[in-house]
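The values are calculated or read from the model by the stated rules, or taken from the named source; none is laboratory data. Quantities reported herein were computed from a predicted structural model and do not represent experimental measurements. Here the Cβ is made from the backbone with ideal geometry for all residues, glycine too, and neighbour counts use every protein chain on show.
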């Protein structure tokens, strides 16, 4: 199967699986939000600040290195597998040892058993890291899609049952452990590769060096992306952190569920043509345009529909999150594209440059967060938005040099998707005002009306402004559904 068909079918499988993953996950989260209270979600958010930090080191970038390197021996793969086991075991034990200190930091003793339970995820996930990387490297995304859908469904249903029984925050904890365990079992089922009892440091040194720069970037980026949660949890407590975390999760919609998911396919594809700048540039340009076509209207839609979305899916007790969601949706508008620059750094084998720029990013965000936290969670959200827009331009210009891409050419391709999304936003805001003030119908019906109207308006505007995008989308869909090799 040639690269084009493999890539497009890979995007097809990841897109379908992510849509189902999103739908199932969002439904489960909304059910849990009604069954549990903000304090339960806040406790989990406190723990995730530290476990997400530990996740930076879970394989020291070895999985990414496996995908990026063209030729790999079985000795290198087996060495990576056993290194992952050692790293996962070390992280699990470290979190267990530091759990009392983390609890003391928050002055919250309930966190100790929660941290101990979640820490086991690192050992469990280390058993499947190499298998997942190999399936990705081969652009074999069908089994990965099946795994995602099965695990989120089973783990989610289990969490709902536990919440109904009265497990409280522990229903959220067991949801993660069940999901990780099932994922590893299914990865071994779908991958025919099995590790040998070999650990050769010399053979795996190049992979390790690549991964080390990537880990360094992730280390710094973690503080930049999680300092806001840390400060809110420290100074304002679990309940306010629960409100902020809900808004932040909606910000991550275009990041973790569109750009990052597509990146799972685009990164290995760009790695295969890394020496050909023209092909790498073409893949990147075409893909980011499709990303914008989905993420731009999604973020504008969330901004307008936030009051009704919160009331319908999470309940009136979460109303303080509405303003936060609206501010962070503006961040998500641009971050959905900014996130894609990692494809360039990694596919071109230059995580070292990405590491250096991340230091600057962390400083700017850090200053913004320390200023914003003085004005409660609303101030934090505004500070985050300002910093994100300040960093936007250099975020693009630096990696574009690696594939000889001009920023002016890059930004022009978003004209139609940007204008269509903005005009759609104004249109559904007018519709919302009319429905709210004249018909006075409930939140659910307003939300349904706005979503349907938004899809029709955006689709019509985009068709009028760029008909060629529709033609390409249809051709892409045919390739996704094609079984020709």
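The table below gives the values:
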read-out: Residue in the range 343-361 that is modelled with pLDDT under 85, closer than 23 Å to residue 436 by Cα and outside any helix (DSSP H, G or I) present; value: no
read-out: When residues of the range 392-411 are limited to those that are touching a helix residue (DSSP H, G or I) at 6+ places or on another chain (Cβ under 7 Å), in contact (Cβ under 8 Å) with a residue 24 or more places away in the chain and closer than 16 Å to residue 358 by Cβ, the one surrounded by the most Cβ atoms within 10 Å (Cβ to Cβ); value: 399
read-out: Residue check, residue 279 without any contact (Cβ under 8 Å) to a residue 24 or more places away in the chain and closer than 28 Å to residue 400 by Cβ; value: yes
read-out: Pairs where the first residue, in the range 338-356, is on the phi > 0 side of the Ramachandran plot and in contact (Cβ under 8 Å) with a residue 60 or more places away in the chain and the second is in a helix (DSSP H, G or I) and buried (at least 20 other Cβ atoms within 10 Å of the Cβ), C-beta under 8 Å, 6+ apart; value: 349/68; 349/210
read-out: Residue in the range 376-390 that is farther than 20 Å from residue 418 by Cβ, under 19 Å from the mean Cα position of the chain (by Cα) and at pLDDT 85 or above present; value: yes
read-out: Every residue from the range 357-378 that is farther than 30 Å from residue 277 by Cβ and either surrounded by 15 or more Cβ atoms within 10 Å (Cβ to Cβ) or touching a residue at least 40 places away in the same chain (Cβ under 8 Å) (or both); value: 365, 366, 368, 369, 370, 371, 372, 373, 376, 377, 378
read-out: Residue match in the range 270-283 (condition: at pLDDT below 85, under 22 Å from residue 217 (Cα atoms), touching a helix residue (DSSP H, G or I) at 6+ places or on another chain (Cβ under 7 Å) and in a helix (DSSP H, G or I)); value: yes
read-out: Of residues in the range 1-39 being more than 30 Å from residue 279 (Cβ to Cβ) and not in a helix (DSSP H, G or I), the one modelled with the lowest pLDDT; value: 37
read-out: Residue count, the range 149-171 (criterion: in contact (Cβ under 8 Å) with a residue 40 or more places away in the chain, in a helix (DSSP H, G or I) and touching a helix residue (DSSP H, G or I) at 6+ places or on another chain (Cβ under 6 Å)); value: 9
read-out: Check on residue 65, in a helix (DSSP H, G or I), out of contact with any strand residue (DSSP E or B) (no Cβ under 8 Å at 6 or more places or on another chain) and at pLDDT below 80; value: yes
read-out: Which listed residue is more than 20 Å from the chain's Cα centre (by Cα), farther than 20 Å from residue 20 by Cα and either surrounded by fewer than 20 Cβ atoms within 10 Å (Cβ to Cβ) or modelled with pLDDT under 90 (or both), from 160, 165, 154; value: 165
read-out: Number of the condition not met by residue 145 [criteria: (1) at pLDDT below 90; (2) surrounded by fewer than 19 Cβ atoms within 10 Å (Cβ to Cβ); (3) in a helix (DSSP H, G or I)]; value: (2)
read-out: Condition met for residue 326 (in a helix (DSSP H, G or I), within 21 Å of the chain's Cα centre (by Cα) and free of Cβ contacts under 8 Å to residues at least 40 places away in the same chain); value: yes
read-out: Of the criteria (1) assigned to a helix (DSSP H, G or I); (2) farther than 13 Å from residue 188 by Cβ; (3) under 21 Å from the mean Cα position of the chain (by Cα), which one residue 123 fails; value: (3)
read-out: Selection from the range 437-454 of residues that are touching a residue at least 12 places away in the same chain (Cβ under 8 Å) and either surrounded by 13 or more Cβ atoms within 10 Å (Cβ to Cβ) or farther than 19 Å from residue 309 by Cβ (or both); value: 443, 446, 447, 449, 450, 451, 453, 454
read-out: Some residue of the range 81-90 being free of Cβ contacts under 8 Å to residues at least 40 places away in the same chain, outside any helix (DSSP H, G or I), over 22 Å from the mean Cα position of the chain (by Cα) and farther than 19 Å from residue 168 by Cβ; value: no
read-out: Given (1) buried (at least 22 other Cβ atoms within 10 Å of the Cβ); (2) over 27 Å from the mean Cα position of the chain (by Cα), index of the condition residue 114 fails; value: (2)
read-out: Verdict on residue 199 being surrounded by 18 or more Cβ atoms within 10 Å (Cβ to Cβ) and either modelled with pLDDT of 75 or more or more than 19 Å from residue 119 (Cα to Cα) (or both); value: no
read-out: Conditions (1) without any contact (Cβ under 8 Å) to a residue 40 or more places away in the chain; (2) surrounded by 18 or more Cβ atoms within 10 Å (Cβ to Cβ); (3) more than 28 Å from the chain's Cα centre (by Cα): number failed by residue 457; value: (3)
